[in-house]
């Protein structure tokens with residue numbers, strides 16, 4: 001029997017780390033349960049000669065392909081977009097591209113401005129100080145002065161523009177469209193114990209240099225120094241409740257597979273937009289027969305990805321290829337609603353730099369532009385090192401039929417029911433994808449690219465898992481209130497992407513972490529009345 | 001997770017033969033084919049979780065060849081390889097991928113492409129800073145994010 005703790009956090013990823021660090025100053029006893037372990041950068045793909053191949057195996061972004069002992073399976077057969085994640089201390093920040101835009105002010109007012117979905121119960125101004133705090137903690141590089149976003153000052157200078165950035169810049173200037181160096185969490189100077197980027201160029205499947213911020217090397221060292229305990233290889237099966245309908249703690253399997261119970265006065269769930277509804281639905285009981293905190297019936301519903309339209313082509317000139325971080329520039333030219341486009345809301349473009357020889361060969365062969373046989377070598381030499389690539393990251397509107405439920409058959413290695421995904425692309429998203437593809441083709445044409453290839457939506461593109469336990473002031477239309485507390489269970493908090501009301505059209509990690517810091521701040525301000 | 005990772009001698013021979021059809025040796029570029037012994041050794045040593053699908057693809061190849069693919073005359077091998085590729089599917093895609101991912105990490109092949117044969121870490125790469133004056137037209141734009149107040 002473990003001694004009770006004040007705060008139990010489930011999940012040590014982007015949001016769990018941020019909330020743990022922020023709450024640590026209260027000197028409460030805080031324990032975090034994480035189903036994965038601590039990663040060893042010496043074993044990251046970029047430290048070995050098989051660095052590209054491992055993306056198809058043990059460092060695939062898909063848990064179903066990866067199949068590490070830390071992973072749980074996901075039945076996403078009924079979705080054109082597959083769920084991606086990473087399970088470890090640091091969560092999916094270990095395996096993300098480090099592209100770090102914020103939601104725009106308009107994203108919090110979509111009903112008021114555009115008559116779709118619902119407004120958030122909080123706004124950009126509420127989160128602004130937490131965005132800034134998170135930028136300092138994660139270490140953000142970027143360039144102030146972007147006319148497309150509210151003013152902010154990234155603590156480090158931007159990544160170099162490189163050859164690829166200049167090629168994009170010229171093409172976008174010829175079209176008169178916005179572009180700007182992306183905010184990223186890649187350190188461009190030595191920063192808080194992290195070494196600066198040396199352009200390993202293989203950022204997404206973890207950074208061996210430690211220049212890319214993942215919470216195992218940013219928030220967690222600070223949180224642990226402040227007294228937070230992280231228990232690794234501990235998979236939570238369910239959150240239990242007491243006779244008062246309050247969360248009592250969590251049942252979990254420890255590293256030896258032994259069932260344990262951890263009692264807690266407060267439970268914080270930080271398992272992402274698929275893991276969180278899975279846990280809440282697996283926590284059904286007599287008092288909560290439809291799952292914990294689910295009196296609204298919305299736990300698991302309104303799942304939002306960001307459908308990606310990826311478009312790339314090949315230039316006569318060399319690009320940066322795999323010799324630089326894949327994050328480069330963004331464009332917010334098509335972010336805000338313009339109804340003449342045939343859809344509401346919008347998307348950003350994320351511009352990349354290219355890929356290595358293996359990925360070039362494999363993807364080009366699959367697309368049919370790289371032949372087998374005698375012509376293979378000549379064609380490969382025209383492709384390799386010449387790719388110009390971009391992706392439109394489209395806002396996905398909430399629709400209740402897009403959902404996470406428990407699979408009746410599939411279970412993880414501990415026998416816990418696995419999540420099942422049912423998702424279809426909405427008409428607004430389809431139109432937005434088509435618009436993004438068409439604009440991307442114009443950019444590539446302006447740059448002189450040939451051999452244009454399209455993936456729309458990217459099937460292996462379900463990085464962003466949002467909306468399945470959304471926040472709101474109405475308990476019948478939301479799962480948590482405007483400061484992250486479950487309407488139904490007054491000592492249960494949710495801090496991950498599940499609480500998003502709408503998705504915006506940008507990578508969400510910056511906003512997820514700002515919300516986690518905001519919720520932690522609200523908890524600290526309300527400690528005396530937290531359960532009222 | 002455990003996998004059956006060994007191919008039979010016949011399967012290895014078929015794998016070598018189809019690899020040579022996917023990426024043949026080239027005197028023009030001074031590179032080996034994907035049937036090169038060192039590349040094949042790497043492929044067999046790292047097949048791991050892909051073994052079952054590769055075996056399935058080799059079975060499809062035998063069916064299309066009406067027997068041993070490697071025993072076919074060269075012009076017939078080219079036709080059958082084309083038919084296999086046209087078949088598509090996960091098994092054929094996996095076969096193609098494992099051949100290509102081993103071929104394009106071979107030292108000789110990388111050198112022929114002007115690439116260094118090494119892991120990205122710890123040396124990294126040099127990235128030119130670029131011409132930041134290109135950003136001047138964008139800097140001149142007034143703020144255009146949508147205000148909500």
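The values are calculated or read from the model by the stated rules, or taken from the named source; none is laboratory data. All values reported here derive from a predicted model rather than from experimental measurement. Reconstructed Cβ throughout: ideal geometry from the backbone, glycine too, with neighbour counts over all protein chains shown.
Numbers at a glance
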{"quantity": "Region A:340-387, subset over 22 Å from residue B:102 (Cβ atoms) and in contact with a helix residue (DSSP H, G or I) (Cβ under 6 Å, 6 or more places away or on another chain), residue farthest from the other protein chains (Cβ to nearest Cβ)", "calculated": "A:342"}
{"quantity": "Residues satisfying the stated conditions in region A:313-343, i.e. under 20 Å from residue A:434 (Cβ atoms) and under 23 Å from the mean Cα position of the chain (by Cα)", "calculated": "A:331, A:332, A:333, A:334, A:335, A:336"}
{"quantity": "Single unsatisfied condition, residue B:57 versus (1) within 13 Å of chain A (Cβ to nearest Cβ); (2) farther than 13 Å from residue B:20 by Cα; (3) surrounded by 22 or more Cβ atoms within 10 Å (Cβ to Cβ)", "calculated": "(1)"}
{"quantity": "Scope region A:150-164; condition surrounded by 23 or more Cβ atoms within 10 Å (Cβ to Cβ), touching a helix residue (DSSP H, G or I) at 6+ places or on another chain (Cβ under 8 Å) and farther than 21 Å from residue A:213 by Cα; matching residues", "calculated": "none"}
{"quantity": "Members of region A:466-488 that are buried (at least 23 other Cβ atoms within 10 Å of the Cβ) and in contact with a helix residue (DSSP H, G or I) (Cβ under 7 Å, 6 or more places away or on another chain)", "calculated": "A:466, A:467, A:468, A:469, A:470, A:471, A:480, A:484"}
{"quantity": "Enumeration of residues in region A:475-526 that are assigned to a helix (DSSP H, G or I) and either within 18 Å of residue A:117 (Cα to Cα) or at pLDDT below 95 (or both)", "calculated": "A:497, A:498, A:499"}
{"quantity": "Residue satisfying condition, being surrounded by 19 or more Cβ atoms within 10 Å (Cβ to Cβ), over 30 Å from residue A:107 (Cα atoms) and touching a strand residue (DSSP E or B) at 6+ places or on another chain (Cβ under 9 Å), within set A:414, A:376", "calculated": "A:376"}
{"quantity": "Test for residue A:196: is it modelled with pLDDT of 95 or more, more than 18 Å from the chain's Cα centre (by Cα) and within 30 Å of residue A:492 (Cα to Cα)", "calculated": "no"}
{"quantity": "Strands (runs of 3 or more DSSP E) contained entirely in region A:245-324, each with at least 3 residues that are modelled with pLDDT of 95 or more and farther than 30 Å from residue A:5 by Cα", "calculated": "A:308-314"}
{"quantity": "Region B:25-50: number of residues that are within 12 Å of chain A (Cβ to nearest Cβ) and surrounded by 16 or more Cβ atoms within 10 Å (Cβ to Cβ)", "calculated": "10"}
{"quantity": "Qualifying residue in region B:12-20 (condition: more than 13 Å from chain A (Cβ to nearest Cβ) and outside any helix (DSSP H, G or I))", "calculated": "no"}
{"quantity": "Matching residues in region A:13-63 - criterion: being assigned to a helix (DSSP H, G or I), more than 10 Å from chain B (Cβ to nearest Cβ) and buried (at least 17 other Cβ atoms within 10 Å of the Cβ)", "calculated": "A:14, A:15, A:16, A:17, A:18, A:19, A:20, A:21, A:22, A:23, A:24, A:63"}
{"quantity": "Any helices (runs of 4 or more DSSP H) falling wholly within region A:108-186 and containing at least 3 residues that are over 22 Å from the mean Cα position of the chain (by Cα)", "calculated": "A:110-114, A:162-175"}
{"quantity": "Every residue from region A:76-88 that is under 26 Å from residue A:255 (Cβ atoms) and either within 13 Å of chain B (Cβ to nearest Cβ) or touching a strand residue (DSSP E or B) at 6+ places or on another chain (Cβ under 6 Å) (or both)", "calculated": "A:83, A:84"}
{"quantity": "Region A:90-149 - residue that is surrounded by 22 or more Cβ atoms within 10 Å (Cβ to Cβ) and in contact with a strand residue (DSSP E or B) (Cβ under 6 Å, 6 or more places away or on another chain) and, of those, nearest to the other protein chains (Cβ to nearest Cβ)", "calculated": "A:146"}
{"quantity": "Exclusive hit being in contact with a helix residue (DSSP H, G or I) (Cβ under 7 Å, 6 or more places away or on another chain) and surrounded by fewer than 20 Cβ atoms within 10 Å (Cβ to Cβ), set B:8, B:87", "calculated": "B:87"}
{"quantity": "Tally, over region A:64-88, of residues that are farther than 15 Å from residue A:273 by Cα and crowded, with 24+ Cβ neighbours inside 10 Å", "calculated": "1"}
{"quantity": "Test: residue in region A:283-295 that is under 28 Å from residue A:88 (Cα atoms), within 14 Å of chain B (Cβ to nearest Cβ) and buried (at least 21 other Cβ atoms within 10 Å of the Cβ)", "calculated": "no"}
{"quantity": "Matching residues, region B:126-149, being at pLDDT 95 or above, over 21 Å from residue A:353 (Cα atoms) and more than 7 Å from chain A (Cβ to nearest Cβ)", "calculated": "B:136, B:140"}
{"quantity": "Residue A:250 buried (at least 24 other Cβ atoms within 10 Å of the Cβ), in contact (Cβ under 8 Å) with a residue 60 or more places away in the chain and more than 18 Å from the chain's Cα centre (by Cα)", "calculated": "yes"}
{"quantity": "Restricting region A:329-339 to residues that are under 20 Å from residue A:426 (Cα atoms) and within 9 Å of another protein chain (Cβ to nearest Cβ), the residue that is surrounded by the most Cβ atoms within 10 Å (Cβ to Cβ)", "calculated": "A:335"}
{"quantity": "Subset of region A:239-256 (residues that are in contact with a strand residue (DSSP E or B) (Cβ under 9 Å, 6 or more places away or on another chain) and under 15 Å from residue A:413 (Cα atoms))", "calculated": "A:252, A:253, A:254, A:255"}
{"quantity": "Counted residues, region A:153-181 - those being within 13 Å of another protein chain (Cβ to nearest Cβ), in contact (Cβ under 8 Å) with a residue 24 or more places away in the chain and closer than 19 Å to residue A:324 by Cβ", "calculated": "18"}
